[in-house]
C-alpha cells in the first residue's frame with residue numbers, strides 16, 4: 001500500500017472541514033492528540049487530513065522537510081507557537097532552532113482556510129492535485145526548505161499581498177509542535193499550522209482549560 005511521503009519537522013496548514021470562517025472552528029491546544037490521513041498532492045506533501053482528538057478534522061500542508069510523520073501513529077501536541085522548532089539555520093532557523101513563519105505563508109494559509117485562495121481549485125480531480133502541489137511548493141519556498149519558485153502563482157499572489165501592504169503579520173496562524181511516543185521512544189514530529197484565537201479569547205480559554213493541559217520515505221528537495 002502506497003503512503004505519500006512528507007517531512008516531519010514539517011509545517012502544515014490546516015483547514016477546518018466544512019467551516020465557513022477562519023476563526024470559527026475549534027482550536028488545537030497543547031495536550032491534544034492528532035492523527036494524519038492522505039489527501040490530494042503528489043509532491044511528498046500536499047493536502048493531508050489532520051484529525052484532532054479523534055473528533056474533528058482539518059486539511060493540512062507540511063512546511064518543513066527535515067522530519068517525518070506517518071498515517072498509523074498518534075502524535076502529541078507539545079506546544080502552539082508562531083514558529084517551528086529545531087530547524088537548522090540553512091532552513092531558516094535561528095540560534096535556538098526556531099523558524100518563525102513568514103507573512104506570505106500566513107497569508108496563503110488564511111486564504112486557503114477561508115476557502116477563498118485565488119487560483120486554488122477546491123473541486124475534486126486533477127485540478128485540485130495541481131493546486132495542492134503548487135501551494136505546497138510555495139510554502140516550502142517561503143520557509144526556505146527549497147528554492148523559491150518566483151513563477152509559482154501562489155508565490156506571486158502572496159508576495160503581492162505583502163509587498164503592497166494588503167497583508168502584514170501572521171494573523172490567526174500558529175504552529176503545532178508535535179511529537180510521537182514518550183520517555184525512551186520519544187520522537188520529535190512534524191510541525192503543523194493551525195489557527196489561534198485572539199489574545200483575549202486565548203485568556204478566556206485558559207480559564208476553562210487550565211486543568212487539561214512506519215511506512216514512509218524521505219522527501220527529496
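Tabulated results
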read-out: When residues of the range 37-73 are limited to those that are touching a helix residue (DSSP H, G or I) at 6+ places or on another chain (Cβ under 6 Å) and not in a loop (DSSP other than H, G, I, E, B), the one modelled with the highest pLDDT; value: 47
read-out: Qualifying positions in the range 50-65 - more than 14 Å from the chain's Cα centre (by Cα) and crowded, with 20+ Cβ neighbours inside 10 Å; value: none
read-out: Tally, over the range 74-101, of residues that are assigned to a loop (DSSP other than H, G, I, E, B) and surrounded by 14 or more Cβ atoms within 10 Å (Cβ to Cβ); value: 9
read-out: Unique residue being touching a strand residue (DSSP E or B) at 6+ places or on another chain (Cβ under 8 Å) and either modelled with pLDDT of 90 or more or not in a loop (DSSP other than H, G, I, E, B) (or both) when the list is 219, 155, 175, 200; value: 175
read-out: Residue check, residue 108 part of a strand (DSSP E or B) and closer than 15 Å to residue 63 by Cα; value: no
read-out: Those residues of the range 113-140 which are touching a strand residue (DSSP E or B) at 6+ places or on another chain (Cβ under 6 Å) and either surrounded by fewer than 20 Cβ atoms within 10 Å (Cβ to Cβ) or at pLDDT 95 or above (or both), in sequence order; value: 132
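The values are calculated or read from the model by the stated rules, or taken from the named source; none is laboratory data. Since the structure is predicted, the reported quantities are computational estimates derived from the model, not experimental observations. Cβ: placed from backbone, ideal geometry, glycine included. Neighbour counts: every protein chain shown.
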